[in-house]
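Heads up, the thing below is written out as structure tokens.
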Ligand SMILES: Nc1nc2c(ncn2[C@@H]2O[C@H](COP(=O)(O)OP(=O)(O)OP(=O)(O)O)[C@@H](O)[C@H]2O)c(=O)[nH]1
Ligand SMILES: [Mg+2]
């Protein structure tokens, strides 16, 4: 009994000694750490210089040809058709299939086939298809930047959600600022807070001013404030974003009509209304477009995401069926990935060998 008490006591004594030793070690190491002095701060320069990232120049723009890869691929079979001789049914079938797959639409496909049957293709089928597609795109593509004296030019952007309105505004702000204009962005999409955030990020990136309000604010008053700011600062151009969704499409179209009235009231003047369409949705883009046309007095189309689709022919269908010019095409997500639409370059990119 006494023996076990002695053993227990000695175990306790050893435990206490261990605890004390460990405690001393920890406090030493803490003290040790505390004694490490931070490296001396470098002396401050007399003048602080903040380096501003260089903005990409417009010369860095991609070419349409370099971005239309998938759409060009669809036309491979037309390019490889024999360059001479009479046109047989088999060749016409190939042309028909390729045109329909590229989304130029039934009407244009029919017209091209009829012309090929009637006139043949003395310079080869690819060359005839190229000429016929080019001839179907005759719209005037002028983009207006000027307003009447003492008014501020407004470009309004409309379209359903996700098509690329806000991104397009960012790219166009970059373009117009590089061309020497003062640009104000109006965050008229008040449906969700993230929309104004996204526009503010583009403003920062491009050097534009931005006017925004909280989620659920009246879009008309945002546009109104943006016009006030633009005229006070002598800005040349207001780019006005709008929401792509509402509880239902009637509300959306009513709201657009209202936004337009505000934007067109002095000091504002709406000189362009761009409908933004997503090329990857093909013929659905056309159906969407028709809904917006009446309400928004559209003056031009921006067709986005042409880089990611094999359906580049939708440009032709849009112009033929809506009779509205495609003025810009989006070919990527970067600030320089927007190109003024050039039909010669477009048909060459698709069909030229
Ligand atoms: N590949 C590619 N992506 C694009 C292009 N344009 C826009 N996008 C992308 O498409 C997505 C939607 O773009 P947004 O600009 O937010 O579209 P939005 O119309 O403003 O959408 P809502 O604000 O929801 O109505 C984003 O991920 C963009 O980066 C383009 O030309 N090519
Ligand atoms: Mg948006």
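The values are calculated or read from the model by the stated rules, or taken from the named source; none is laboratory data. As the structure is a computational prediction, the values presented were derived from the model and not from experiment. No Cβ is skipped: glycine too gets one built from the backbone with ideal geometry, and neighbour counts run over all protein chains shown.
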Per-region count, region 169-192, residues touching a strand residue (DSSP E or B) at 6+ places or on another chain (Cβ under 7 Å), assigned to a loop (DSSP other than H, G, I, E, B) and more than 17 Å from residue 327 (Cβ to Cβ): 2
Residues satisfying the stated conditions in region 216-236, i.e. within 16 Å of ligand 2 (Cβ to nearest atom) and farther than 20 Å from residue 159 by Cβ: 216, 217
All helices (runs of 4 or more DSSP H) inside region 68-151 with 1 or more residues being over 28 Å from residue 308 (Cβ atoms): 89-102, 106-119, 125-135
Identity of the residue in region 193-204, more than 9 Å from ligand 2 (Cβ to nearest atom) and out of contact with any strand residue (DSSP E or B) (no Cβ under 6 Å at 6 or more places or on another chain), that ends up farthest from residue 219 (Cα to Cα): 204
Lone unmet requirement of (1) modelled with pLDDT under 95; (2) more than 16 Å from ligand 1 (Cβ to nearest atom) for residue 227: (1)
Among the residues listed as 114, 140, the single one being out of contact with any strand residue (DSSP E or B) (no Cβ under 6 Å at 6 or more places or on another chain) and closer than 24 Å to residue 328 by Cβ: 140
